[in-house]
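> Dumping the structure here so I can ask a few things about it.
A short reminder: the numbers here are calculations on the coordinates, not readings from a lab. Small disclaimer: the values here were computed from a predicted structure and weren't measured. FYI the Cβ positions are ideal-geometry reconstructions off the backbone, even for glycines, and counts take in every protein chain you see.
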Ligand SMILES: *[C@@H]1O[C@H](CO)[C@@H](O)[C@H](O)[C@H]1NC(C)=O
């Protein structure tokens, strides 16, 4: 009986060992800090098809030379970190529109990529291919990329969002 149990568990261990060389997808690391969406503010009234002022304060917790981030409009429940992909995007279906990827250069370094603009343009409902319901919810979301932070993590991401009040 005892032999049987030991033998069975030895087989189980062997089976587990044989199954080991399975490849895991790379982990997606969540930054302990995110930047702050200064504008638009929470529940700021906005209109489809119009410009709105935009300001995002990057998080400098790991003193990056460059702080890249991507800005999205999402529809429905607020986006969650589970919706961030290994390349720092929101997954397909988790956003209605991507405004673009921008980079803040720090320490007076030359600009890389596109600097964040002072305003963004909301698409029209037709461009978004959306119809509004009574419970439609929209968020402005930012995924910031952090490179070379303490802890030997090559890249991690932070997600933050604010709800918007969409005027019809
Ligand atoms: C976003 O993540 C949540 C929580 O895991 C999940 O329920 C939802 O389906 C995800 N959205 C998309 C579009 O993958």
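> Out of 95, 99, which single residue is closer than 19 Å to residue 49 by Cα, part of a loop (DSSP other than H, G, I, E, B) and touching a strand residue (DSSP E or B) at 6+ places or on another chain (Cβ under 8 Å)?
Unique residue meeting the criteria: 95.
> On to the next question. Which one of these is within 16 Å of the ligand (Cβ to nearest atom), over 20 Å from the mean Cα position of the chain (by Cα) and touching a residue at least 24 places away in the same chain (Cβ under 8 Å): 125, 130?
Just one listed residue meets the conditions, 130.
> Checking residue 148 against (1) touching a helix residue (DSSP H, G or I) at 6+ places or on another chain (Cβ under 7 Å); (2) surrounded by fewer than 17 Cβ atoms within 10 Å (Cβ to Cβ), which test does it fail?
Of (1) touching a helix residue (DSSP H, G or I) at 6+ places or on another chain (Cβ under 7 Å); (2) surrounded by fewer than 17 Cβ atoms within 10 Å (Cβ to Cβ), only one is false for residue 148: (1).
> Does segment 89-112 hold any residues that are touching a residue at least 40 places away in the same chain (Cβ under 8 Å), touching a helix residue (DSSP H, G or I) at 6+ places or on another chain (Cβ under 6 Å) and near the ligand (Cβ under 9 Å from one of its atoms), and which are they?
90 - this is the single residue of segment 89-112 that is touching a residue at least 40 places away in the same chain (Cβ under 8 Å), touching a helix residue (DSSP H, G or I) at 6+ places or on another chain (Cβ under 6 Å) and near the ligand (Cβ under 9 Å from one of its atoms).
> A further question follows. Being more than 22 Å from residue 122 (Cα to Cα), touching a residue at least 40 places away in the same chain (Cβ under 8 Å), away from the ligand (no atom under 16 Å from the Cβ) and not in a strand (DSSP E or B): is that true of residue 32 here?
Judged against the criteria, residue 32 is not a match.
> Follow-up. Residues in segment 71-88 that are at negative phi, within 16 Å of the ligand (Cβ to nearest atom) and either in contact with a strand residue (DSSP E or B) (Cβ under 6 Å, 6 or more places away or on another chain) or not in a loop (DSSP other than H, G, I, E, B) (or both): how many?
10
> Can you pull out the residues in segment 54-70 that are part of a strand (DSSP E or B) and either touching a residue at least 40 places away in the same chain (Cβ under 8 Å) or touching a helix residue (DSSP H, G or I) at 6+ places or on another chain (Cβ under 6 Å) (or both)?
Scanning segment 54-70 gives 55, 56, 66, 67, 68, 69, 70.
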